[in-house]
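> Structure provided below as structure tokens; questions to follow.
The values are calculated or read from the model by the stated rules, or taken from the named source; none is laboratory data. Nothing here was measured: the structure is a model prediction, and the numbers come from that model. Cβ atoms come from the backbone with ideal geometry, glycine included; neighbour counts cover every protein chain shown.
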Amino acid sequence: MVSAAEIGSTASDGRRRWRARIEARLNRKPSELRPTGDVSPAAVLVPIVERAQPTVLLTLRTEHLRTHAGQVSFPGGRFQASDHSLTETALREFEEEIGIGRQAVTLAGYLDFHETANSGFLILPVVGFVREDFELRVDTYEVAEVFEVPLDFLLDPKNRVRMRTERGGVLREFDTIEFGTHTIWGATAAMIVNLSERLRD
């Protein structure tokens with residue numbers, strides 16, 4: 001018979017393995033900035049919750065916001081003069097939007113910068129491991145909903161659909177991910193694809 005201690009030890013070993021795998025595939029420092037045109041620096045936190053089966057925490061933005069209203073996104077925002085770095089921006093915004101303090105986050109590394117096509121942001125995705133015992137204090141002005149998606153689901157290419165759209169004679173292609181009632185697309189989906197490509201065996 002397997003004891004509770006053995007089960008706990010096995011789960012802990014599993015967490016250490018997938019954490020080490022993710023850390024090994026990420027940038028240890030932000031890649032070189034290569035902005036085009038007039039863009040504003042910004043950062044998001046890609047929060048991987050340390051459950052037995054890891055999940056990714058996402059937010060649904062409220063409908064009245066100026067940019068990306070009503071979209072699924074990672075917590076984050078524009079760099080401010082008081083921020084010491086874009087990593088600081090991501091952690092500050094994470095706490096301001098959903099109330100999880102930086103003491104609950106262990107930094108894992110960075111994905112590639114993502115430049116948004118229409119809103120003019122150059123975004124640094126900062127990946128962090130979040131303790132599963134977090135408590136939410138949601139800023140309801142910015143955030144309509146907070147939900148989690150299994151990491152394995154997001155990383156599986158079978159759960160993505162490639163879309164095409166034309167605007168002003170310019171053809172754009174982008175990925176979408178359907179999860180329950182939510183459609184993940186745009187910059188958030190692009191960052192998830194970047195993470196998936198990093199972790200591909």
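> It is to be established whether one or more residues within the range 127-148 are in contact with a Phe, Trp or Tyr (Cβ under 6 Å, 6 or more places away or on another chain), touching a residue at least 24 places away in the same chain (Cβ under 8 Å) and either surrounded by 17 or more Cβ atoms within 10 Å (Cβ to Cβ) or within 23 Å of L195 (Cβ to Cβ) (or both).
no
> Could you please let me know if D133 is out of contact with any Lys or Arg (no Cβ under 7 Å at 6 or more places or on another chain) and closer than 18 Å to G77 by Cα?
Against the criterion (out of contact with any Lys or Arg (no Cβ under 7 Å at 6 or more places or on another chain) and closer than 18 Å to G77 by Cα), D133 does not qualify.
> Moving on. Any residue in the range 168-187 that is touching an Asp or Glu at 6+ places or on another chain (Cβ under 6 Å) and within 25 Å of L86 (Cα to Cα)?
no
Here is a yes/no grid of residues against (1) closer than 17 Å to E148 by Cβ; (2) outside any helix (DSSP H, G or I); (3) among the hydroxyl-bearing types (S, T, Y):
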| position | (1), (2), (3) |
| --- | --- |
| A81 | no, yes, no |
| E88 | no, no, no |
| L91 | no, no, no |
| F94 | yes, no, no |
| P125 | no, yes, no |
| G128 | yes, yes, no |
| D133 | yes, yes, no |
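> Okay, next question. Can you tell me how many residues in the range 22-55 are touching an Asp or Glu at 6+ places or on another chain (Cβ under 9 Å), modelled with pLDDT under 95 and among the polar types (S, T, N, Q)?
4
> One residue is enough: does the range 46-56 have a residue meeting the conditions hydroxyl-bearing (S, T, Y), within 14 Å of the chain's Cα centre (by Cα) and closer than 23 Å to I177 by Cα?
yes
> Would you be able to tell me the number of residues in the range 45-66 that are under 11 Å from R15 (Cβ atoms) and of a type outside the set (V, I, T)?
Residues meeting the conditions: 5.
> Still on this structure, I have one more. Sort out which residues of the range 56-75 are at pLDDT below 70 and either buried (at least 21 other Cβ atoms within 10 Å of the Cβ) or among the basic types (K, R) (or both), and write them in order of number.
The answer is R66, and nothing else.
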